[in-house]
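Have a look at the structure below, then the notes.
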């Protein structure tokens, strides 16, 4: 049974993906800052506590993850955080948090697992990026900076890992109908054509994982049919 590590598995894309993987016979290790919040009961699922903010400052958290997940065949790095506004509205701490969670932690997790993948000569690494990695928009300076960085990292890692038969891919969703927007001042429009479902992003991940060994989906961009943004609160 193949094993996959999914970060941010408590809700949204990560939770939908974990459920699809389990349905298709994968063993799944899901991470969350609060593993008790992952409401999945399955013999092949295990929850692990992981705070991406702490990875950059505390190597022991990553060491514990590696010890727990040494037999992992694939990584899906989904967890992230979003905050939007004019640059001067961000504190130094808020900038640091976004860069750590959305970029630095992703790099460090891959750095921890890549030696075993290279020794084995196989593995899949999939990043959940954002449409903000393709086109930067107003109020998204810090978020886009992190996501553009993640896209560049993914492209370079793809070149580095090909000789070891490791596949690296990136999925850039547009607006996904999840709790991501709960604390933001905007959200997708109310019609079903205004957003993507988390299960649809999970479908793209499964396409990557289930493709023939000689095929790599370098990058998949997903967009709602009609992009509409509305205010989330006064």
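Each value in this text was obtained by applying a stated rule to the coordinates, not by laboratory testing. Because the structure is a prediction, the values reported are computed rather than measured. Cβ atoms come from the backbone with ideal geometry, glycine included; neighbour counts cover every protein chain shown.
General observations
- Footprinting exposure proxy for 127, 45 (fewest neighbouring C-beta atoms within 10 Å first): 45, 127
- Spread over its residues, the convex hull of the C-alpha atoms of the chain is 126 Å³ per residue.
- Projected-area mean, the range 51-179, by convex hull of Cα positions, square nanometres: 8.2
- Inter-centroid distance (Cα atoms) of the range 14-63 relative to the range 147-193, Å: 18
- Counting only DSSP beta bridges with both residues in the chain, the antiparallel share comes to about 10 percent.
- Distance histogram in 10 Å bins (all Cα pairs of the range 116-163, percent per bin): 25, 41, 23, 10, 1
- Ranked by how many other Cβ atoms sit within 10 Å of their own Cβ, fewest first, the residues 92, 179, 42 fall in the order 92, 179, 42.
- Mean residue ellipticity, 222 nm, helices only, the chain: the sum of -39500 (n - 2.57) across DSSP H runs of n ≥ 4, divided by residue count and rounded to 500, is -11000 deg cm²/dmol.
- Cβ-based exposure ranking for 219, 49, in which fewest neighbours within 10 Å come first: 49, 219
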